[in-house]
């Protein structure tokens with residue numbers, strides 16, 4: 001097309017509208033109109049240039065360009081998806097042919113004599129050729145072949161007879177193909193029987209969570225002798241490593257470390273800096289010589305029902321804001337300091353897990369504001385140390401746990417922490433103590449069981465608090481079963497203690513509080529001394545070999561409406577400036593009253609109004625020994 005010129009107003013015309021003012025408005029209007037026409041001319045000229053360029057470019061290349069685009073769609077499998085979607089009955093209902101006839105779906109339309117059938121008829125699309133030069137009889141056949149190829153490409157096998165000879169190369173192939181498949185496509189790498197893993201899997205800032213590693217055999221052997229990648233300061237060459245936001249492949253098989261690099265540990269899974277790992281049920285890594293799992297710096301582990309037994313250091317350790325969701329995980333028989341360790345604001349859910357048989361300081365060690373759910377887990381049999389150790393303002397839910405057979409203490413809680421070991425938790429057969437709670441911590445141990453400890457069943461001190469309502473203690477072999485001291489408090493309503501020496505003991509400012517407590521068969525049932533305090537209405541201490549109740553050296557005891565019959569020495573005894581309230585209690589040692597049933601000495605006070613039993617002094621009479629009110 002030709003180019004149009006702008007309209008031009010000669011400059012010498014100015015004299016006409018300047019000389020004749022009446023003509024000014026007319027000329028001005030004309031000039032304004034001319035300016036607008038000029039703009040339209042410019043637009044037309046610009047459009048003509050664009051159109052000329054478009055025609056010259058695409059008239060010859062349009063068909064070639066479209067063919068290249070469609071060929072790319074075919075190679076990527078995208079066109080197959082388009083065609084399959086186009087012939088889906090549900091999506092393309094109520095189609096209308098060129099004559100206006102309405103069909104319920106495309107199938108009915110294609111079965112008709114409609115001319116439009118030619119658009120998808122195989123005969124029209126014959127002789128489709130893929131990028132490798134393979135000729136198909138129709139596009140339909142080619143699309144089926146592409147779909148089969150895509151399905152096959154999602155499975156890799158590793159081993160001498162597999163598609164890949166090693167796991168690393170299979171992962172690289174799957175990673176490369178990820179770019180050509182739809183988002184969230186899952187690739188499986190199956191390890192064939194007989195393959196031995198000799199390479200580390202190191203992932204740095206990459207997401208491989210769409211790759212699943214599985215196996216034919218029940219276990220895959222790992223030979224770490226040729227491992228080269230080292231991390232940290234503990235001579236560690238881990239098996240699976242995730243760094244800087246990496247997502248490891250999903251581990252869906254059970255590995256077992258057989259050989260190690262000389263002088264190095266091998267951690268099973270090592271994560272740091274917001275990295276993640278998923279291990280499926282029954283999968284994991286047995287006998288890692290380092291940690292089973294180690295996660296730090298906001299990393300995440302999902303490992304429900306997985307297996308990381310026999311670790312050389314710790315079964316698992318998480319720290320610095322990391323999380324671990326691993327109910328029913330097996331971390332047992334760790335040879336290092338702990339089967340499980342969490343610190344620095346870490347959190348974990350380990351419900352029903354096996355954390356037993358550690359050989360270090362403690363089976364489980366939680367600290368520094370961490371939060372862990374251990375309910376109904378097995379945390380037993382730490383032959384050398386503590387089963388459960390919690391400190392540093394941490395919170396642990398360990399209700400219903402098996403905490404038996406600790407080398408020293410079943411549960412130790414300190415430094416403002418909180419632990420629940422109620423709902424029938426068993427803390428029996430500890431080498432020293434069942435529960436040791438101190439420095440402002442709290443333990444809820446209602447309904448728990450403590451049997452045959454060589455030290456105290458429960459010791460609470462330094463402002464600690466233990467709730468032991470309806471708990472049971474039997475055969476405590478030390479001097480004290482329940483001990484509260486140095487501002488510690490035990491709440492023990494309906495608690496039962498038998499077979500020990502001193503069942504309920506409060507000393508040095510400690511307190512035991514609760515009604516209906518039982519201390520039958522003890523040496524001394526309730527013993528408060530050195531400003532101790534026991535508040536135990538309706539308590540029972542029957543057949544104690546020495547005394548049912550004793551208060552000394554400035555202590556106070558409330559055992560109103562209690563039963564303290566059959567004692568060997570005294571039913572109740574207050575001495576050295578102490579105070580006992582035994583209103584309505586039965587303190588008779590035998591079948592008749594005795595002056596050793598109710599005894600007050602050395603400046604003490606004893607209220608025995610409506611009580612049963614003889615007294616060692618005239619009642620309601622103040623003497624140097626004190627006074628018995630009756």
(message) Quick check on residue 515: is it more than 20 Å from residue 564 (Cα to Cα), in a loop (DSSP other than H, G, I, E, B) and at pLDDT 95 or above?
(response) no
(request) List the number of the failed condition for residue 401; all other conditions in (1) in contact with a strand residue (DSSP E or B) (Cβ under 7 Å, 6 or more places away or on another chain); (2) outside the structural domain of residue 555 (by TED's automatic domain parsing); (3) surrounded by 22 or more Cβ atoms within 10 Å (Cβ to Cβ) hold. (result) (1)
(message) Can you tell me which condition residue 270 does not meet? The list is (1) over 26 Å from residue 317 (Cβ atoms); (2) outside any loop (DSSP other than H, G, I, E, B), and all the others hold.
(response) (1)
(request) Could you please give the count of residues in the range 206-261 that are on the phi > 0 side of the Ramachandran plot and within 25 Å of the chain's Cα centre (by Cα)? (result) 3
(message) Within the range 473-480, does at least one residue satisfy the condition of being surrounded by 19 or more Cβ atoms within 10 Å (Cβ to Cβ) and under 30 Å from residue 354 (Cβ atoms)?
(response) yes
(request) For the range 372-387, state whether one or more residues are out of contact with any helix residue (DSSP H, G or I) (no Cβ under 7 Å at 6 or more places or on another chain), closer than 25 Å to residue 485 by Cβ, outside the structural domain of residue 282 (by TED's automatic domain parsing) and not in a loop (DSSP other than H, G, I, E, B). (result) yes
(request) All but one of (1) closer than 17 Å to residue 203 by Cβ; (2) buried (at least 24 other Cβ atoms within 10 Å of the Cβ) hold for residue 348, so report the exception by its number. (result) (1)
(request) Kindly establish whether residue 284 is in the same structural domain as residue 328 (by TED's automatic domain parsing), at positive phi and crowded, with 21+ Cβ neighbours inside 10 Å. (result) yes
(request) Among the residues of the range 231-260, write down those that are part of a loop (DSSP other than H, G, I, E, B) and surrounded by 15 or more Cβ atoms within 10 Å (Cβ to Cβ). (result) 232, 237, 238, 239, 245, 246, 248, 249, 252, 253, 260
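Rundown of residues vs (1) within 19 Å of residue 412 (Cβ to Cβ); (2) at pLDDT 95 or above; (3) out of contact with any helix residue (DSSP H, G or I) (no Cβ under 9 Å at 6 or more places or on another chain), yes/no style:
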position: 437; (1), (2), (3): yes, yes, yes
position: 479; (1), (2), (3): no, no, yes
position: 509; (1), (2), (3): no, yes, yes
position: 525; (1), (2), (3): no, yes, yes
(request) Answer yes or no as to whether residue 342 is assigned to a strand (DSSP E or B) and either under 25 Å from residue 384 (Cβ atoms) or without any contact (Cβ under 8 Å) to a residue 24 or more places away in the chain (or both). (result) yes
(request) Please tell me if residue 584 is more than 23 Å from residue 609 (Cβ to Cβ) and more than 51 Å from the chain's Cα centre (by Cα). (result) no
(message) Against the condition more than 26 Å from residue 608 (Cα to Cα), modelled with pLDDT of 95 or more and out of contact with any helix residue (DSSP H, G or I) (no Cβ under 8 Å at 6 or more places or on another chain), how does residue 471 come out, does it pass?
(response) yes
(message) For residue 274, only one of the following conditions fails: (1) within 24 Å of residue 290 (Cβ to Cβ); (2) surrounded by 15 or more Cβ atoms within 10 Å (Cβ to Cβ); (3) touching a strand residue (DSSP E or B) at 6+ places or on another chain (Cβ under 6 Å). What is its number?
(response) (3)
(request) Among the candidates 412, 456, 368, single out the residue that is farther than 26 Å from residue 344 by Cα and in contact (Cβ under 8 Å) with a residue 12 or more places away in the chain. (result) 456
(message) I'm trying to understand the selection: among the residues of the range 287-303, which are within 13 Å of residue 251 (Cα to Cα) and surrounded by fewer than 20 Cβ atoms within 10 Å (Cβ to Cβ)?
(response) 302
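The values are calculated or read from the model by the stated rules, or taken from the named source; none is laboratory data. Note that this is a predicted model, so its numbers are computed, not measured. Please note: Cβ atoms are built from the backbone with ideal geometry, for glycine as well, and neighbour counts cover all protein chains shown.
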